[in-house]
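Q: For reference, the structure I am asking about is given below.
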Amino acid sequence: MIAGAGSIFLVNIVLKATLSDFQYGEYSIFITFLQVCISFGFLGLEQVFLRLSEVRDDKLLTDKKLLKITFVVGLLFSLLLSAVFSKIFLKIQVATTLLMLLTFSTSLMMFLYNVVRLKKQFVVAQLFNNMWKYIVLVITGILLIGGNVNTKTLIEIFTYVSIGSATFFSIYVIKNIPFKFTNSFELSAIYKYSFHFVISMLSITFIGFFDRFYIKAFFGSEAFGDYFYLATIFYFPFALLQGYVGFKELVFFKTNASLPILKRKLRNINVLSVIIAIAIYGAAYVLNDLEVIPAIDFTSSGSVILILMALGVLRINYSMLSSVLGATGSIKIIRNANIQSLVFILLIFAAGSNYLISVEAVAFCILLVWISRILVWYFNAVKQLKIDTI
């Protein structure tokens, strides 16, 4: 995980100093698109797979109907996702077919990651999860050596390599993970879980990436590139810890969920988050003063920087709470959490829609949404754990 995070962090810094403002903005939106594919490329159905599958006698038991639904829906949604991205957000010309293949292969890698994750092959799982970051690093290095660094070439080469990686890892899973297909769940139960997990993943993807796409669409590539660069420095390190928490804790909570354990883990993770925030700000200030990294204006960007760090702390809390509900949540609890969160999201955006006239305002609006999300998920996680102890 550290190697993957370090790879993309290094690329983001190097390309900020190498590309034009417009090119860096286009690169930034491409990386954001990849992250959307990773979190929502299969419409969140891989989360249903995690919830309804289990390992027994060293075999991965999963419902055959669920697997078919996941791949059919995932393929169709991948086509739609890539078409929307290429027509609306990406301003450089890249073949739509390439983006479609890229979307599906990237989404497939996330599904495979969850398969080996269930089998507790954690090192292999992280290799799957971070492969795209290694690929970006290698391609960027080659382009820098060749003296021809541009976003279009990077995207095209990345697509071909990504397809090859997804094929290779698919073969690995087929050969090394023994499956046992069952018909344990009725279609109605699968659809209920799918609906509520899809709504949950849709809302989390929306609030997780709304600020980036909104800034790109309304303030331009250059403004988005600056925002993405600040996020790389002040938010990205938290995303690494968030990924690790979600990666390990969901599997842990499937067999060890209790309210005292959750409260202890939240307390510990928040203490660690504050320490990390102080260290990040101090390190960035010193490196900027020494001109080691591309310039940051701490005065004009101060509010955005603080918001990004606060978002980082909140996302780590959410990752812990999401792991609890992902591992133990009933359909009723997940449904209620989704409805409550959606109400808060709509209220916040309705109240703030007329004020989204600056990057700072957009970031602050997302901060409010995340605060509401954390409160809703904490309330429902506690409720679920209390029910489980009765």
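Q: In the range 152-201, what count of residues is obtained for those that are at pLDDT below 90 and closer than 19 Å to Val94 by Cβ?
A: 0
Q: Can Ala125 be described as crowded, with 19+ Cβ neighbours inside 10 Å, more than 22 Å from Ile190 (Cα to Cα) and of a type in the set (Gly, Ala, Ser)? Write out each step before concluding.
A: Numbers: crowded, with 19+ Cβ neighbours inside 10 Å: yes; more than 22 Å from Ile190 (Cα to Cα): yes; of a type in the set (Gly, Ala, Ser): yes.
Yes, satisfied.
Q: Of the residues Leu241, Leu230, Leu259, Leu321, which single one is hydrophobic (A, V, I, L, M, F, W, C), surrounded by fewer than 17 Cβ atoms within 10 Å (Cβ to Cβ), in contact (Cβ under 8 Å) with a residue 24 or more places away in the chain and not assigned by TED's automatic domain parsing to the domain that holds Tyr24? First the steps, then the outcome.
A: Details: Leu241 fails: surrounded by fewer than 17 Cβ atoms within 10 Å (Cβ to Cβ); Leu230 fails: surrounded by fewer than 17 Cβ atoms within 10 Å (Cβ to Cβ); Leu321 fails: surrounded by fewer than 17 Cβ atoms within 10 Å (Cβ to Cβ).
Selected residue: Leu259, the only one of Leu241, Leu230, Leu259, Leu321 that is hydrophobic (A, V, I, L, M, F, W, C), surrounded by fewer than 17 Cβ atoms within 10 Å (Cβ to Cβ), in contact (Cβ under 8 Å) with a residue 24 or more places away in the chain and not assigned by TED's automatic domain parsing to the domain that holds Tyr24.
Q: If I filter the range 202-215 for residues that are of a type in the set (Ser, Thr, Tyr), at pLDDT below 85, within 19 Å of the chain's Cα centre (by Cα) and within 30 Å of Phe344 (Cα to Cα), do I get at least one hit? So that I can check it myself, show each step before the final result.
A: Step one: of the range 202-215, the residues of a type in the set (Ser, Thr, Tyr) are 203, 205, 214.
From what's left, at pLDDT below 85: 203, 205.
Going one step further and asking which of them are within 19 Å of the chain's Cα centre (by Cα), we end up with 203, 205.
Within this subset, residues satisfying the condition of being within 30 Å of Phe344 (Cα to Cα) are 203, 205.
Yes, the conditions are met somewhere in the range 202-215.
Q: Give me the residue from the range 365-390 that is of a type in the set (Val, Ile, Thr) and in a helix (DSSP H, G or I) and, out of that set, farthest from Tyr355 (Cα to Cα). Before the answer, list the steps.
A: Residues of the range 365-390 that are of a type in the set (Val, Ile, Thr), as a first pass: 366, 369, 371, 374, 376, 382, 387, 389-390.
Okay, now just the ones that are also in a helix (DSSP H, G or I), so 366, 369, 371, 374, 376, 382, 387, 389.
On the way: Ile366: 13, Val369: 15, Ile371: 19, Ile374: 23, Val376: 25, Val382: 34, Ile387: 41, Thr389: 45 Å.
In this case the residue turns out to be Thr389.
Q: Would you please list the contacts, defined by Cβ atoms under 6 Å and residues six or more apart or on different chains, that run from a residue in the range 130-150 that is more than 21 Å from Tyr113 (Cα to Cα) to a residue that is aromatic (Phe, Trp, Tyr) and assigned to a helix (DSSP H, G or I)?
A: So the pair list comes out as Ile139/Phe158.
Q: Which number in (1) buried (at least 19 other Cβ atoms within 10 Å of the Cβ); (2) closer than 20 Å to Phe40 by Cα; (3) more than 21 Å from the chain's Cα centre (by Cα) marks the one condition that Lys192 misses?
A: Every listed condition holds for Lys192 apart from (1).
Q: Conditions first: (1) at pLDDT 90 or above; (2) within 20 Å of the chain's Cα centre (by Cα). Ser322 passes all but one, so which condition is the exception?
A: With respect to (1) at pLDDT 90 or above; (2) within 20 Å of the chain's Cα centre (by Cα), Ser322 is out only on (1).
Q: Can I ask one more? Exactly one condition in (1) in the same structural domain as Val11 (by TED's automatic domain parsing); (2) aliphatic (A, V, I, L, M); (3) surrounded by 15 or more Cβ atoms within 10 Å (Cβ to Cβ) is not met by Ile215; state its number.
A: (1)
Q: When you scan the range 27-41, do you find a residue that is modelled with pLDDT under 85, under 23 Å from Val251 (Cα atoms), assigned by TED's automatic domain parsing to the domain that holds Asn150 and part of a strand (DSSP E or B), even just one? Show your work before the answer.
A: Step one: of the range 27-41, the residues modelled with pLDDT under 85 are 38-41.
From what is left, the residues that are under 23 Å from Val251 (Cα atoms) are 38-41.
After this cut, where a residue has to be assigned by TED's automatic domain parsing to the domain that holds Asn150 as well, the list is 38-41.
If we keep only those that are part of a strand (DSSP E or B) as well, we get none.
No, the range 27-41 contains no residue that is modelled with pLDDT under 85, under 23 Å from Val251 (Cα atoms), assigned by TED's automatic domain parsing to the domain that holds Asn150 and part of a strand (DSSP E or B).
Q: Considering every residue within the range 73-86, establish whether at least one is crowded, with 20+ Cβ neighbours inside 10 Å, touching a Ser or Thr at 6+ places or on another chain (Cβ under 9 Å) and among the aliphatic types (A, V, I, L, M).
A: yes
Q: Residues Val149, Val136: which one is part of a loop (DSSP other than H, G, I, E, B) and modelled with pLDDT of 85 or more?
A: Numbers: Val136 fails: part of a loop (DSSP other than H, G, I, E, B).
One residue alone meets the criteria, Val149.
Q: To continue, here is another question. Filter the range 32-70 for residues that are more than 19 Å from Asn176 (Cα to Cα) and free of Cβ contacts under 8 Å to residues at least 12 places away in the same chain and give the result.
A: Correct list: Lys68 only.
The values are calculated or read from the model by the stated rules, or taken from the named source; none is laboratory data. None of these values were measured; they are calculated from a predicted model. Heads up, the Cβs are rebuilt from the backbone with ideal geometry, glycines too, and the neighbour counts pull from every protein chain shown.
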